[in-house]
1. Is it fair to say Val59 is open to solvent by 70 Å² or more (accessible area, probe 1.4 Å) and modelled with pLDDT under 80?
2. Going by the structure shown, is Gly412 over 26 Å from Leu151 (Cα atoms), modelled with pLDDT under 90 and buried (at least 21 other Cβ atoms within 10 Å of the Cβ)?
3. Give me the residue from segment 98-118 that is within 11 Å of Val42 (Cβ to Cβ) and over 46 Å from the mean Cα position of the chain (by Cα) and, out of that set, most open to solvent (accessible area, probe 1.4 Å).
4. For segment 370-381, give me each residue that is of a type in the set (A, V, I, L, M, F, W, C) and either surrounded by fewer than 18 Cβ atoms within 10 Å (Cβ to Cβ) or farther than 23 Å from Pro410 by Cβ (or both).
5. Yes or no: segment 367-374 includes at least one residue that is in contact with a Pro (Cβ under 9 Å, 6 or more places away or on another chain) and either part of a loop (DSSP other than H, G, I, E, B) or touching a residue at least 60 places away in the same chain (Cβ under 8 Å) (or both).
6. For residues that are in a loop (DSSP other than H, G, I, E, B), β-branched (Val, Ile, Thr) and in contact (Cβ under 8 Å) with a residue 60 or more places away in the chain, tally how many sit in segment 439-489.
7. I'm checking my understanding of the structure. Among residues of segment 273-309 that are more than 14 Å from Val212 (Cβ to Cβ) and open to solvent by less than 40 Å² (accessible area, probe 1.4 Å), which one is modelled with the lowest pLDDT?
8. Filter segment 251-272 for residues that are open to solvent by 70 Å² or more (accessible area, probe 1.4 Å) and within 22 Å of Thr171 (Cα to Cα); which is modelled with the lowest pLDDT?
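The values are calculated or read from the model by the stated rules, or taken from the named source; none is laboratory data. Fair warning: this is a prediction, and the values are worked out from it, not measured in the lab. Here the Cβ positions follow ideal geometry from the backbone for every residue, glycine too, while neighbour counts run over all protein chains shown. Quick note on the areas: whole protein, heavy atoms, side chains included, nothing else; ligands and nucleic acids left out. Shrake-Rupley method; radii C 1.70, N 1.55, O 1.52, S 1.80 Å.
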Amino acid sequence: MSDLRRLFVLFQPHRRAAAVAIVAMLGVAFFTVAVAYLLNPVFDQVLTQMAPRAGAPDVEAGAAAAQGLTTVLGSGGVKKTWLIGFLDGSLARLEAALGVTSGNKGLLLPLILFAAFVAKNLCSYTALYRFNAVGLAFVRDVRDAVYRRLLAQSEAFYAKNPSGDLISRVTGDVDRIQSLFGTDLADLVQSVATIVGLGYYVVSLSPELTLVVAVVAPAIVVPVVMIARGLRHLSKSGRERMGDLTGVLSETLRGHRVVQAYCAEGYEAGRFEEVNRRTFHLLRKAARMMAVSSPLLESASVLAFLVLLVYAGSRIKGGTMTLGVVISFGASLAFMYQPLKRATRINLALQQALASARRLFEILDAPIAVVDGPRAGTMAPFGREIRFEGVSFSYPGREPVLQGIDLTIPKGGVVALVGPSGAGKTTLVNLLPRFMDPQLGRVTVDGVDVRDLTLASLRGSIGLVTQDVVLFDDTIRHNVAYGRSGVPEPAIRGALRAANAEAFVDDVPGGLDARIGEAGGRLSGGQRQRLAIARALLKDPPILVLDEATSALDTESERAVQEALERLMSGRTTIVIAHRLSTVRRADVIVAMEQGRVVERGTHAELLAAGGLYRRLHDLQAFSGEGEGST
């Protein structure tokens, strides 16, 4: 299915609301034709009769004009078309209803023309407003669908898709589609209906004049088609470059303190300028193509008009055409100019929107690697153990991160994972809540493969505090009770108290209802970490994962939080990841990992006596002042 057809399939829920706008657009087309038609009798039956010919009375001049009109539209062997007959009959009935006579025609015909203008503009307002409202609602639904798809994606998806590019797709690309299904689509439908109506009218009015114009028109078709094809390719490339630009901008804004600390402003400015320069060149090429289309159309229109004047002048001089017919025909062409111009621009905008749609469909079509299995059931209350059985994992196109991991964690036990950076500790833990699935082996809870459990029940049983604290631009209350509604204040305060956070929360203006800024930017690093711990404590899960949970705390806060965590972990299954070995000394089992493998396991004393990896890490930290003495 083409991207355009897929967009219209997504548009189906809004078709009824769009139908109202389409009816109004057909009204615009009808009244535009009516205005062009009414110019004929206004000139031939009003203005011409008011201007006496040299050497002839006014009545004779009017009769001659009427005879000329009859020759073109009906008499002389030329048969009226359905449209001309319909318009003539409608005008006659309207004149009869309004009591138009030769005496008041000079006033009432111009008023009828003005009323047609007013009706056209009312229909135009209704159509544009309704279509814009429909377009906004459609884009709202598309953005929701894309965002929900992103929320369901696994860690592997985010590992290969930069966040800046994803943000660009959800914002910039969706806005481009909104423009298409809002103003652009409204203009397209209205323009096509107007062009068709006026086109049929000018053919009905004078096939000869229409043929003269048609001889010149094809000269613009081929260039416009070529421009549209080139623009579609440039638009897609431009959107990709905008994704790169957003990615660089997002990185530097998040890491501005690091940039300044390392005096890397010049380097980052150069990197941004390079991406910005490539984006500029692509968008400039697209702008050049868009700029060429309108002058081409205008040049063809002017050429057609000049040829038309020469031919029409000869017909009027020969007495086979009236001035009113020429004015009506010329006005019809003039009314067609803006719709033709808009239709050309919309074609280019359509190519840009399709390029953006392709980028959005890449997200919507990206397979979700981690989903509930067809026979997935709700997780029973945790009772025995967690097991990693022969687990191996690697990111696409990279070396294995985990290789043949076997590990058993009994209920109520505290297992610590230690090892150098890149050993695979966090990746191993991420397999438990199914942030991703292993390529080999399996993870079980009480003997049940986690892939046979629903994600909601599995993840609802796991509390997580990560090394990189994630807080939201909301109140302290909502951050601690994240994902839950109606949590009583005493429960929130109890979690804050256990995390050694209640005191500083009470000191913040606004207390629990104080907003903490983007990523908790109004709090210190230690305060942010303690709020994350309080969030996990409030969840009160049977399984707890602490990934460097106390790394950002000062010594005094760490002691208080460590005591609270130890009380909380009693009777719970806890997995602790830590580089600071002083925080894991009292774990039931310490598992040392290196290069994706378990190299040793045991208690603190046993691993020190073994003299392996754990001992080397311990001695290095003791030498640097982070060993025994730091506790």
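1. Working: open to solvent by 70 Å² or more (accessible area, probe 1.4 Å): yes; modelled with pLDDT under 80: yes.
In short, yes.
2. On the way: over 26 Å from Leu151 (Cα atoms): yes; modelled with pLDDT under 90: yes; buried (at least 21 other Cβ atoms within 10 Å of the Cβ): no.
Here the answer is no, as Gly412 does not meet what is asked.
3. Leu111
4. Pass one, segment 370-381, residues of a type in the set (A, V, I, L, M, F, W, C): 370-371, 376, 379-380.
Result: Val370, Val371, Ala376, Ala380.
5. So in segment 367-374, the residues in contact with a Pro (Cβ under 9 Å, 6 or more places away or on another chain) come out as none.
Looking for residues that are in contact with a Pro (Cβ under 9 Å, 6 or more places away or on another chain) and either part of a loop (DSSP other than H, G, I, E, B) or touching a residue at least 60 places away in the same chain (Cβ under 8 Å) (or both), one finds none in segment 367-374, hence no.
6. Within segment 439-489, the first condition is being in a loop (DSSP other than H, G, I, E, B), and the residues that meet it are 439, 446-447, 454, 460-461, 466-474, 481-488.
With β-branched (Val, Ile, Thr) added as a condition, the list becomes 454, 466, 469-470, 487.
Now narrow it down to the ones that are in contact (Cβ under 8 Å) with a residue 60 or more places away in the chain: 454, 466, 469-470.
Residues meeting the conditions: 4.
7. Among those residues, the one meeting the criterion is Leu297.
8. Going residue by residue through segment 251-272, those that are open to solvent by 70 Å² or more (accessible area, probe 1.4 Å) are 251, 253-254, 256-258, 260-263, 265, 267, 271.
Keeping just the survivors that are within 22 Å of Thr171 (Cα to Cα) gives 251, 253-254.
Details: Glu251: 71, Leu253: 70, Arg254: 66.
Selected residue: Arg254.
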